[in-house]
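My questions all concern the structure below.
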Amino acid sequence: MLAPRCDQTPAWNALATHFDLAGRPLDLREAFARDAGRAQALSLTAPEVFADLSKNLWDATSRSLLLQLARECRLEARRDAMLAGEPVNPTEGRAVLHTALRAPKGQGPFSDEVHEVLDRMLAFVEAVRAEAGAPDGIRHIVNIGIGGSDLGPQMVVPALDAWTHPQIQSHFVSNVDGHDIVPVLRRLDARRTLFIVASKTFTTQETMANAEVARAWFLARYGEGAEAAIARHFVATTTNIEAAARFGITTTFGFWDWVGGRYSLWSAIGLPIALAIGAQAFRDLLAGAHAMDRHFAHAPLEANLPIQLGLLDVWYRNFHGFTSRSVAPYHQGLKRLPAYLQQLEMESNGKCVDVDGAPLPYGTSPVVWGEAGTNGQHAYFQMLHQGTDVIPVEFIAVRHAEYGPAPLPEAVRAGLADQHAKLLANCLAQGQALMQGKTTEEALGEKAPTASKSLGALTVARHRTFPGNRPSTTLLLDRLTPASLGALIALYEHRVWASGALWGLNSFDQWGVELGKALCSQLLPRFATGDLSGLDGSTAALLQRLRA
Ligand code: F6P
């Protein structure tokens, strides 16, 4: 590795000392009482995103030591190397250039290739959308893909519902479980359906199995001329054009090995997004991400939002010992964001050796999980407020609601405005409650009408005590638009890079998914043969039961 690993720097030791002296005992309530300027001092503005980082368990010293850590780990030089296309994914011998996919024409590496595919893809998109209202136009888009070939489009399309074509319905099939594809097929009309087989490698078991089922269904349902119609109703988005051709697909939009699966929604993998929201909105999505790329590339470390978030992640994981982070988007359209972020962060940074293969003596990726607000409040927020573990929460709120172009009756609009105010108030209240908490004395002074009368006041108050001092970050968007969503996603990509780089990881490979895949191919024939030889007792017994 060209840079020292985080634990080999003087800043790391200084952070450890500072954590014992001031980090662990830091009380957010006191910090706000002491410093009227804390919220302002610990807020950052990046393109399309305002971030309030002030409810986090850090102070001026920890922040400056974290900045020192970033410098000692040569974060800026390593960022520049990635953006310049150096092979920063050494285990696969690849560059990492998803940023090139959203650079304007003529800028960034591989611009000609990128824009040739983008222009061709968006011309295809506009042709399909223009005919959606015609009697035989495409009205159903089915994206068949998994992981990075599914989660990005599946997250973005509902997020941008207000921008979607009113006559096009988007469907996503990912799981090898037939219960995923069958309900989708049931709703389709073969003559008005476009299947996108989305796979970087075009070898992924789940995707190939679903694509075969889709083709069989299409041939059975289309009627006369079905074989010839495959060319019009199946397209592929892949780096493996030959394999797509062998499958019988002639319309293919390619991308390149320097686009990681979980970073690929900006490439041809974004086709279902573009079909849903249109060419211009897709370009706006790219432009929003590019604006964040520029911020990441040029903002000084202390004002660089993705890098600040990455530093905070290291501070929490390695000094505070927090093992998970909850994401709470207060926008129903972002309901798939936690799932998307799980792959982005945990597949990138869920590693236990550094880039040189040396075992790591410290923790890496936290568990990332969450649910759209306010739904999460009625499920797991109990644990966030009163559980024994501290889990930093990331709130995402959107100032203005957007419901699409269809006019709504006045009374409905008034009701929706009221709902949006409630949504935002809930979001702020949760961050406030996590930080503020409630002492037993405060609880004693309150009425608890629903508490059992047979319990003593102190017992009831203890159950109604909130420890507080629980950290959160709040990200604010003005509106959820293609551009702001692009910026938000790019923010997360770069933040994951920053924590991964500090931990000394290769954030761009995913060897951890291989073993299960290999064992699955060994087990699969045993379901037919019943051969249990060499299997451990548990797997053998389970297999036998499943075959019975
Ligand atoms: O699960 C591993 C993985 O390789 C992901 O990284 C990737 O996004 C997904 O499988 C799908 O791969 P492909 O696009 O090649 O089908």
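The values are calculated or read from the model by the stated rules, or taken from the named source; none is laboratory data. It should be emphasised that the depicted structure is a prediction, and the values quoted were computed from it without experimental measurement. FYI the Cβ positions are ideal-geometry reconstructions off the backbone, even for glycines, and counts take in every protein chain you see. Accessible surface is based on the protein model in full, side chains and every heavy atom, while ligands, DNA and RNA are left aside. Shrake-Rupley method; radii C 1.70, N 1.55, O 1.52, S 1.80 Å.
I'm told Phe195 meets every condition in (1) away from the ligand (no atom under 16 Å from the Cβ); (2) closer than 16 Å to Ile269 by Cβ; (3) within 25 Å of the chain's Cα centre (by Cα); (4) of a type in the set (Phe, Trp, Tyr) except one. Can you identify the failing condition by its number?
(1)
Taking Ser264 and the conditions (1) under 21 Å from Tyr492 (Cβ atoms); (2) away from the ligand (no atom under 13 Å from the Cβ), which numbered condition does it fall short on, given that it satisfies the others?
Ser264 satisfies every listed condition except (2).
Taking Ala276, is it touching a residue at least 40 places away in the same chain (Cβ under 8 Å), open to solvent by 30 Å² or more (accessible area, probe 1.4 Å), more than 16 Å from the ligand (Cβ to nearest atom) and closer than 30 Å to Ala132 by Cβ? Outline the logic, then answer.
Working: touching a residue at least 40 places away in the same chain (Cβ under 8 Å): yes; open to solvent by 30 Å² or more (accessible area, probe 1.4 Å): no; more than 16 Å from the ligand (Cβ to nearest atom): yes; closer than 30 Å to Ala132 by Cβ: yes.
Spelling it out, it is not the case that Ala276 is touching a residue at least 40 places away in the same chain (Cβ under 8 Å), open to solvent by 30 Å² or more (accessible area, probe 1.4 Å), more than 16 Å from the ligand (Cβ to nearest atom) and closer than 30 Å to Ala132 by Cβ.
Something else: All but one of (1) within 16 Å of the ligand (Cβ to nearest atom); (2) open to solvent by 40 Å² or more (accessible area, probe 1.4 Å) hold for Val182, so report the exception by its number.
Answer for Val182: the failing condition is (1).
Sort through Glu126, Glu76 and tell me the only one that's closer than 30 Å to His331 by Cα, in a helix (DSSP H, G or I) and modelled with pLDDT of 95 or more.
Glu126
Do you know which residues across segment 203-232 are of a type outside the set (Asp, Glu) and touching a residue at least 60 places away in the same chain (Cβ under 8 Å)? Reasoning before the result, please.
Step one: list which residues in segment 203-232 are of a type outside the set (Asp, Glu), which gives 203-205, 207-211, 213-223, 225-226, 228-232.
Gln205, Thr207, Asn210, Ala211, Ala214 - these are the residues of segment 203-232 that are of a type outside the set (Asp, Glu) and touching a residue at least 60 places away in the same chain (Cβ under 8 Å).
So which of Met82, Met155, Met121 ends up being closer than 20 Å to Ser267 by Cα, open to solvent by less than 10 Å² (accessible area, probe 1.4 Å) and within 16 Å of the ligand (Cβ to nearest atom)? Walk me through how you get there before you give the answer.
Working: Met82 fails: within 16 Å of the ligand (Cβ to nearest atom); Met121 fails: within 16 Å of the ligand (Cβ to nearest atom).
Answer to the check: Met155.
Under 6 Å by Cβ, and 6 or more places apart or on different chains, what pairs join a residue from segment 151-170 that is at pLDDT 95 or above with one that is within 16 Å of the ligand (Cβ to nearest atom) and aromatic (Phe, Trp, Tyr)?
Qualifying pairs under 6 Å: Leu151/Tyr340; Gln154/Phe172; Met155/Tyr340.
For segment 23-51, how many residues are of a type in the set (A, V, I, L, M) and more than 20 Å from Gly437 (Cβ to Cβ)? Explain how you work it out, then say what you get.
Taking segment 23-51 first, the residues of a type in the set (A, V, I, L, M) are 26, 28, 31, 33, 36, 39, 41-42, 44, 46, 49, 51.
Right, trim to more than 20 Å from Gly437 (Cβ to Cβ) and you get 36, 41, 44, 46, 49, 51.
The number of residues fulfilling the criteria is 6.
Tell me, which residue of segment 232-271 that is over 29 Å from Asn349 (Cα atoms) and hydroxyl-bearing (Ser, Thr, Tyr) is most open to solvent (accessible area, probe 1.4 Å)?
Thr250
Let me ask another. Taking Gln205 and the conditions (1) away from the ligand (no atom under 12 Å from the Cβ); (2) open to solvent by 40 Å² or more (accessible area, probe 1.4 Å), which numbered condition does it fall short on, given that it satisfies the others?
Single failed check for Gln205: (1).
Condition test on Asp257, is it of a type in the set (Asp, Glu) and within 23 Å of the chain's Cα centre (by Cα)?
Values: of a type in the set (Asp, Glu): yes; within 23 Å of the chain's Cα centre (by Cα): yes.
Considered against the rule, which asks whether it is of a type in the set (Asp, Glu) and within 23 Å of the chain's Cα centre (by Cα), Asp257 comes out as yes.
I need the full set of residues from segment 421-475 which are at pLDDT 95 or above and among the polar types (S, T, N, Q), in order please.
Answer for segment 421-475, where residues must be at pLDDT 95 or above and among the polar types (S, T, N, Q): Asn426, Gln430, Gln432, Gln436, Thr439, Thr440, Thr459, Thr465, Asn469, Ser472, Thr473, Thr474.
With the checklist (1) open to solvent by 40 Å² or more (accessible area, probe 1.4 Å); (2) within 16 Å of the ligand (Cβ to nearest atom); (3) modelled with pLDDT of 95 or more in hand, flag the one item Ala216 doesn't pass.
(2)
Next question. Could you grab me the full set of residues in segment 96-109 that are in a loop (DSSP other than H, G, I, E, B) and open to solvent by less than 20 Å² (accessible area, probe 1.4 Å)? First the steps, then the outcome.
So the first thing to find is which residues in segment 96-109 are in a loop (DSSP other than H, G, I, E, B), and the list is 96-97, 103-109.
Val96, Leu97, Ala103, listed by residue number.
Right, here's the next one. One residue is enough: does segment 373-393 have a residue meeting the conditions in contact with a strand residue (DSSP E or B) (Cβ under 6 Å, 6 or more places away or on another chain) and among the charged types (D, E, K, R)?
no
Output the residues belonging to segment 464-500 that are touching a Ser or Thr at 6+ places or on another chain (Cβ under 9 Å) and at positive phi.
Gly468
Okay, next question. Among the listed residues Gly512, Gly500, identify the single one that is open to solvent by 40 Å² or more (accessible area, probe 1.4 Å), closer than 21 Å to Gly363 by Cβ and either not hydroxyl-bearing (Ser, Thr, Tyr) or not in a strand (DSSP E or B) (or both). Break it down into steps so the answer makes sense when it comes.
Numbers: Gly500 fails: open to solvent by 40 Å² or more (accessible area, probe 1.4 Å).
Going through Gly512, Gly500 in turn, just one is open to solvent by 40 Å² or more (accessible area, probe 1.4 Å), closer than 21 Å to Gly363 by Cβ and either not hydroxyl-bearing (Ser, Thr, Tyr) or not in a strand (DSSP E or B) (or both): Gly512.
Name the residue that is surrounded by the fewest Cβ atoms within 10 Å (Cβ to Cβ), counting only residues in segment 129-148 that are part of a loop (DSSP other than H, G, I, E, B) and within 16 Å of the ligand (Cβ to nearest atom).
Residues of segment 129-148 part of a loop (DSSP other than H, G, I, E, B): 131-139, 145-146.
Adding the requirement that they be within 16 Å of the ligand (Cβ to nearest atom) leaves 145-146.
On the way: Gly145: 30, Ile146: 21.
Out of the qualifying residues, it is Ile146.
Would you check if Phe253 is at pLDDT below 95, among the hydrophobic types (A, V, I, L, M, F, W, C), touching a Phe, Trp or Tyr at 6+ places or on another chain (Cβ under 9 Å) and within 14 Å of the ligand (Cβ to nearest atom)?
Working: at pLDDT below 95: no; among the hydrophobic types (A, V, I, L, M, F, W, C): yes; touching a Phe, Trp or Tyr at 6+ places or on another chain (Cβ under 9 Å): yes; within 14 Å of the ligand (Cβ to nearest atom): yes.
Criteria not met by Phe253.
Matching residues to (1) among the hydrophobic types (A, V, I, L, M, F, W, C); (2) surrounded by 20 or more Cβ atoms within 10 Å (Cβ to Cβ):
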residue	(1), (2)
Asn304	no, yes
Arg317	no, yes
Lys335	no, no
Leu344	yes, yes
Gly363	no, no
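From the list Thr450, Thr440, Thr481, exactly one residue is among the β-branched types (Val, Ile, Thr), within 29 Å of Tyr380 (Cβ to Cβ), surrounded by 12 or more Cβ atoms within 10 Å (Cβ to Cβ) and more than 16 Å from the ligand (Cβ to nearest atom). Which is it?
Working: Thr450 fails: surrounded by 12 or more Cβ atoms within 10 Å (Cβ to Cβ); Thr481 fails: within 29 Å of Tyr380 (Cβ to Cβ).
One residue alone meets the criteria, Thr440.
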